[in-house]
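*Asks:* Please see the structure below; I have some questions.
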């Protein structure tokens, strides 16, 4: 037997015989009543996938570090408040899901998971910081730490050089470190619902960026370097305090959607009329009076303008 799915069975224990399934590669125990990792699971040294999503786990034993062939581990939607340092021994892990728990910190040994490249999911916990050692995960392509209490990011966040998608919305971030601009493969940055007042100049180095979502922050202005992002398609600045758009944004020649709702704009630069790819421009809840005449030209060419 290579796979065993015992999900949604109201189980709170496993018979010892399960530990004798030496060829078992995948074990799914989602949606049960486990309060601890079943002891027989720790005997399954050949496991490659283990999922205990939506149980009632309150702790993970140090012995989990013996499951060194694991490639995917899902412990999301439990009641975990801490993790053992031995988690760092799972050197074959490619995906790790720890979301929707009550974690207050992530062990620094997470930086030893050198194979972790597909995703790391930390959403909806009680994290106030990410360990600096996390920046050693240089193959990681997807990081989600939304809906936490993060006030800062590690200064070395830019060392995550393979990162393609970063989701950090609904935290308490006031600044982004300068190394943020070293994430040169980043395509999507979701930073909504934080406390950002400005952006680092190095953001202009994110030449692969396609989506930059900054809704519900405290931005009062934008760096000129943002105009270097000629491949940017979506720029969402809803619900900030931006009073002026810098002239350098004329360089956003790939932009298709620009959302400026509920800022402090009183005028618009004419270069917006010349952005060749623009399909939607949302200007609602600003104080732009009168609207410039070139708005009509944008609409005639097919751009949806909301005022």
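*Asks:* Can you name every residue in region 3-22 that is assigned to a loop (DSSP other than H, G, I, E, B) and either modelled with pLDDT of 95 or more or surrounded by 11 or more Cβ atoms within 10 Å (Cβ to Cβ) (or both)?
*Replies:* Filtering region 3-22 for residues assigned to a loop (DSSP other than H, G, I, E, B) gives 6-15, 21-22.
Matches in region 3-22: 6, 7, 8, 9, 10, 11, 12, 13, 14, 15, 21.
*Asks:* Could you check region 145-165 and list, in sequence order, the residues that are surrounded by fewer than 21 Cβ atoms within 10 Å (Cβ to Cβ) and closer than 19 Å to residue 208 by Cβ?
*Replies:* 159, 161, 162, 164, 165
*Asks:* Scan 170, 184 and give me the residue that is part of a loop (DSSP other than H, G, I, E, B) and touching a helix residue (DSSP H, G or I) at 6+ places or on another chain (Cβ under 9 Å). I'd like the intermediate steps shown before the answer.
*Replies:* Numbers: 170 fails: touching a helix residue (DSSP H, G or I) at 6+ places or on another chain (Cβ under 9 Å).
Among 170, 184, only 184 is part of a loop (DSSP other than H, G, I, E, B) and touching a helix residue (DSSP H, G or I) at 6+ places or on another chain (Cβ under 9 Å).
*Asks:* Restricting to region 144-167, name every residue that is in contact with a strand residue (DSSP E or B) (Cβ under 9 Å, 6 or more places away or on another chain) and in a loop (DSSP other than H, G, I, E, B). Lay out the reasoning, then the answer.
*Replies:* In the first step, residues of region 144-167 are kept if they are in contact with a strand residue (DSSP E or B) (Cβ under 9 Å, 6 or more places away or on another chain); the result is 144-146, 157, 160, 163-167.
Across region 144-167, the qualifying residues are 145, 146, 160, 163, 164.
*Asks:* Got a sec? Which strands (runs of 3 or more DSSP E) wholly within region 248-307 have at least 2 residues that are surrounded by 13 or more Cβ atoms within 10 Å (Cβ to Cβ) and modelled with pLDDT of 95 or more? Break it down stepwise before answering.
*Replies:* Working: elements: 257-259, 280-282, 304-306.
Output list reads 257-259, 280-282.
*Asks:* Taking residue 140 as meeting all but one of (1) in contact with a helix residue (DSSP H, G or I) (Cβ under 9 Å, 6 or more places away or on another chain); (2) surrounded by fewer than 22 Cβ atoms within 10 Å (Cβ to Cβ); (3) part of a loop (DSSP other than H, G, I, E, B), write down the number of the exception.
*Replies:* In the conditions (1) in contact with a helix residue (DSSP H, G or I) (Cβ under 9 Å, 6 or more places away or on another chain); (2) surrounded by fewer than 22 Cβ atoms within 10 Å (Cβ to Cβ); (3) part of a loop (DSSP other than H, G, I, E, B), residue 140 misses (2) alone.
*Asks:* Condition test on residue 201, is it surrounded by 15 or more Cβ atoms within 10 Å (Cβ to Cβ) and modelled with pLDDT of 95 or more? First the steps, then the outcome.
*Replies:* Details: surrounded by 15 or more Cβ atoms within 10 Å (Cβ to Cβ): no; modelled with pLDDT of 95 or more: yes.
Judged against the criteria, residue 201 is not a match.
*Asks:* Right, something else. State all residues of region 82-112 that are within 19 Å of residue 128 (Cα to Cα), assigned to a loop (DSSP other than H, G, I, E, B), within 20 Å of the chain's Cα centre (by Cα) and free of Cβ contacts under 8 Å to residues at least 40 places away in the same chain; if no residue qualifies, say none. Lay out the reasoning, then the answer.
*Replies:* Residues of region 82-112 within 19 Å of residue 128 (Cα to Cα): 82-85, 97-111.
Narrowing the set further to residues that are assigned to a loop (DSSP other than H, G, I, E, B) leaves 82-84, 98-107.
So of that shortlist, the ones also within 20 Å of the chain's Cα centre (by Cα) come out as 98-107.
98, 100, 101, 102, 103, 104, 105, 106, 107 - these are the residues of region 82-112 that are within 19 Å of residue 128 (Cα to Cα), assigned to a loop (DSSP other than H, G, I, E, B), within 20 Å of the chain's Cα centre (by Cα) and free of Cβ contacts under 8 Å to residues at least 40 places away in the same chain.
*Asks:* What tally of residues in region 204-247 results from selecting those that are over 19 Å from residue 177 (Cα atoms) and crowded, with 21+ Cβ neighbours inside 10 Å?
*Replies:* 6
*Asks:* OK, next. Consider only pairs whose beta carbons are under 7 Å apart and that are at least six residues apart or on different chains; among these, list those whose first residue lies in region 158-171 and is more than 20 Å from residue 194 (Cβ to Cβ) and whose second residue is at pLDDT 95 or above and surrounded by 21 or more Cβ atoms within 10 Å (Cβ to Cβ).
*Replies:* That search, which allows pairs on different chains as well, returns 162/140; 164/186.
Rundown of residues vs (1) modelled with pLDDT under 95; (2) farther than 28 Å from residue 214 by Cβ; (3) assigned to a loop (DSSP other than H, G, I, E, B); (4) in contact with a strand residue (DSSP E or B) (Cβ under 9 Å, 6 or more places away or on another chain), yes/no style:
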position: 42; (1), (2), (3), (4): no, yes, no, no
position: 46; (1), (2), (3), (4): no, yes, yes, no
position: 55; (1), (2), (3), (4): no, yes, yes, no
position: 70; (1), (2), (3), (4): no, yes, yes, yes
position: 80; (1), (2), (3), (4): no, yes, yes, no
position: 128; (1), (2), (3), (4): no, no, yes, no
position: 135; (1), (2), (3), (4): no, no, no, no
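*Asks:* Out of all the residues in region 223-233, is one or more in a strand (DSSP E or B) and under 20 Å from residue 280 (Cα atoms)? Walk me through it before giving the result.
*Replies:* Our first condition is that a residue be in a strand (DSSP E or B); within region 223-233, this holds for none.
Within region 223-233, not a single residue is in a strand (DSSP E or B) and under 20 Å from residue 280 (Cα atoms).
The values are calculated or read from the model by the stated rules, or taken from the named source; none is laboratory data. Everything numeric in this text was worked out from a predicted model, so none of it was measured. In this analysis, Cβ positions are derived from the backbone assuming ideal geometry, glycine residues included, and neighbour counts consider all displayed protein chains.
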